[in-house]
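Notes to accompany the following structure.
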Amino acid sequence: MSDTGQVHLRIEAGVASVVFDRPQARNAMTWAMYEQLMAICEQLRTDAAVRVATFRGAGGEAFVAGTDIAQFQAFGEGPQGGADGVAYEQRIDACMEMLGTLPMPTVAVVEGWCVGGGLAIATGCDFRLAVPGARFGVPIARTLGNCLSVANLARLSAAWGMQRVRRMLLLAEMIHADEALACGYLHAIAGVSDMDAALRTLCTQLSALAPVTQRVSKEGLRRLATHSLPHDHDLISAAYGSTDFREGVQAFVDKRAPVWKGQ
């Protein structure tokens, strides 16, 4: 397997199964994997035979543990780093937009860690199933010192509620599956041995219903969540152009705790 990872697509009996396959890195997304995900979404959006699409991480340890942090070493310093950050967040937003505008219902299956970019992908789906040990969060205040786009914040807040998103971002909290179920983020929790059956049941239920109703309802809800978003390039530039962001990336690569300076 290439270290850049793969995103696989299998279509069977009207169900598209998408797998993030880089288990040696907890399925952390490389640039190539994001490109593959976008290509798969482009294929699925025109396939009327697909009634449900599912998304799952390989290996059972993680759904997706964010974006591969080592890739951020290529970002520039100061203003160039800020510009690189804006371009990156726009790239992620474009990917999430393609996922969110898929016409069929989508289901994320979360086994283990669902972090950063992985949380964005799971949140972009319509339904989420998780095992009891699943963990959700965006601990960038502890790890990287970067930020999320306003569009990403809007999607997370619509799904989780703003105060939980504050806990994820400002306190770097990881939220457990039972709380995610209680607040409505999860459709259901299933044991590891029961997950495949739970997924089949949900896919069967979704496949039996009116696809036009599902499609237009999905789009209406998406528009509500992301309507009239404010400008955010100044915020993104400030985070990605900071000395702290470069320190966070280097500390992660060096496998040490970052030393924040607020600069």
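Values computed for the structure shown
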item	result
Using alpha-carbon coordinates, inclination of helix 195-207 to the longest axis of the chain, degrees	70 degrees
Per-peptide average of other Cβ atoms within 10 Å, ordering 66-74, 225-233 highest first	66-74, 225-233
Arg256-Glu179 FRET efficiency (beta carbon distance; Förster radius 30 Å; 0.05 resolution)	0.45
Positive-end residue of Val138, Ile189, Ala62, charge dipole of the chain with Cβ unit charges	Ile189
Spatial separation of Cα centroids for segment 150-167 and segment 7-55, in angstrom	24 Å
Dipole magnitude of segment 117-263, debye to nearest 20 (Cβ charges: Lys/Arg +1, Asp/Glu -1, about Cα centre)	100 debye
Amide H contacts of Ala134 (H built 1.01 Å from N, under 5 Å, at least 5 apart or other chain)	Gly112, Ala177
Order by protection proxy (mean Cβ within 10 Å, highest first), peptides 24-35, 51-62, 106-117	106-117, 51-62, 24-35
Within segment 162-263, GluC sites (Glu not before Pro) in DSSP loop having at most 16 other beta-carbon neighbours inside 10 Å	none
Charged-residue dipole, Cβ positions (Lys, Arg, Asp, Glu), the chain about Cα centre, Debye nearest 20	460 debye
Cα lying deepest toward the dipole's positive end in the chain, options Thr30, Val15, Thr4, charges on Cβ	Val15
Rounded FRET efficiency, nearest 0.05, which uses the C-beta distance separating Val192 from His8 and R0 of 25 Å	0.75
Answer label for Kirkwood radius over Cα pairs in Å (calculated), chosen among (1) 18.7; (2) 20.1; (3) 19.4	(1)
Among Thr213, Thr123, Thr243, residue whose mean-square fluctuation peaks in a GNM of the chain (springs only between Cα atoms under 10 Å)	Thr213
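Here, each number is a calculation from the coordinates, and none is a lab measurement. The structure presented is a predicted model; accordingly, all values stated were derived computationally and were not measured. FYI the Cβ positions are ideal-geometry reconstructions off the backbone, even for glycines, and counts take in every protein chain you see.
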